[in-house]
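Worksheet: one structure, shown below.
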Amino acid sequence: MSDQAETLRSLMHEHRSAIEQVPAAVGQAHRPRRVVAVASGKGGVGKSNFCINFGLALQQVGTQPVVLDADMGFADVELLLGVQPRNTIFDVLSGKDVFDVIEVSSGGLHFLSSGNGLNVAPLTPEDVGRLSAHMDRLFERYDVVLIDAGAGDGGQLGYLLAEVDDLLLVTTPEPTAIADAYALVKMLSVRGQLPPVKIVVNKVPNFGEGRQAADKLKLAAQRFLGVELSVLGYVVEDAAVARAVMRQQALVQAFPTSPAARCMRQIVQNYTRSAQPPSRQGGTRVWERWLQRLRRR
Ligand SMILES: Nc1ncnc2c1ncn2[C@@H]1O[C@H](COP(=O)(O)OP(=O)(O)O)[C@@H](O)[C@H]1O
Ligand SMILES: [Mg+2]
């Protein structure tokens, strides 16, 4: 067996034992109807890639997500999926139904574009109300709205993250990424806007280093902020991610047996098997807060 295969096998073994400690789902509703945000302190840690692969891996286990690209000015989801959206959320205001502005990638991932960031005029309160009502209807067809929320501190992201059911906080093991993730948690926490946080450590050389990074973040939050963060899992650094990006396909579809794709499926298992409290808002407040900050073309 090659060294690489051996390393992967031991990584998988290590990961499996970590997974076995995840409690089984407690009374999970048939339709989870959750609003899940993917965010980070630092940019470039792998959020958008994580988001589309998490979405597709969720879909593979029977939970239907729709991805909302809310990383304003960095509409990467459509690029990563190789789709040029014909519609954005704003087309709802000219009379389209929300289900008609959703794009579907060739791999079957549903997503909602929020434009190219060149929107200038703020939405009127009436527009916010109309759009928000349409967004509420997403749960007629989807179980999870998965938001690519972008990077930043709590000042920038608090308005979007405050009401979500889960914040999947992506970091890498680099001290700068961990420090920025901590800064995001701190600012959200100080403002009373901290949703339940699940840490994902991406681009790890091995699970040991992933765990160390997650522990640093967890401990700092515990000690200095008195808040509990949980750990969702680790994704290995894998050249297949960049190859999938070049093909404009999601990793879990382009390279399903790659180490990082295996990690993604494992993370989805951890997510669906972990105890999930009922959705806090069922969406409305999230959309309203987000839409109030959006700029219309
Ligand atoms: N697990 C991984 N292994 C290797 N490279 C990765 C991994 N995840 C992401 N990348 C790379 O990191 C870069 C940033 O990813 P992206 O998803 O665009 O980050 P973000 O949305 O946080 O800015 C891309 O070049 C991508 O190919
Ligand atoms: Mg991104």
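The values are calculated or read from the model by the stated rules, or taken from the named source; none is laboratory data. Treat the numbers as computed from the prediction; the structure is a model and nothing was measured. A quick note on method: Cβ atoms are made from the backbone with ideal geometry, for glycine too, and the neighbour counts reach across all protein chains shown. Note: accessible area is taken over every heavy atom of the protein model, side chains too, but ligands, DNA and RNA are not part of it. Shrake-Rupley method; radii C 1.70, N 1.55, O 1.52, S 1.80 Å.
Ignoring ligands, DNA and RNA, please state the percent of accessible area on the stretch 104-175 from carbon and sulfur, probe 1.4 Å.
55
The stretch between THR257 and VAL190, if pulled fully straight at 0.36 nm per residue, gains 19.9 nm over its current Cα-Cα span.
Taking a label point 7 Å from the Cα of ARG141 along the Cα→Cβ vector, which residues of the stretch 52-95 have an amide N closer than 12 Å to it? So the set is 65-67.
Only alpha carbons enter this Debye calculation for the stretch 25-296, each as an equal point scatterer, and the log10 of I(q)/I(0) it gives at q = 0.11, 0.14 Å⁻¹ is -0.57, -0.95.
Legend: calculated FRET efficiency, GLU209 to TYR159, from the Cβ-Cβ distance at R0 = 35 Å, rounded to 0.05, equals 0.55.
Simple point charges give the picture: +1 on the Cβ of Lys and Arg, -1 on the Cβ of Asp and Glu, and for the stretch 35-101 a dipole about the Cα centre of about 200 debye. Calculated accessible area for the stretch 169-297 comes out at 47 Å² per residue, all protein chains present (probe 1.4 Å; ligands, DNA, RNA ignored).
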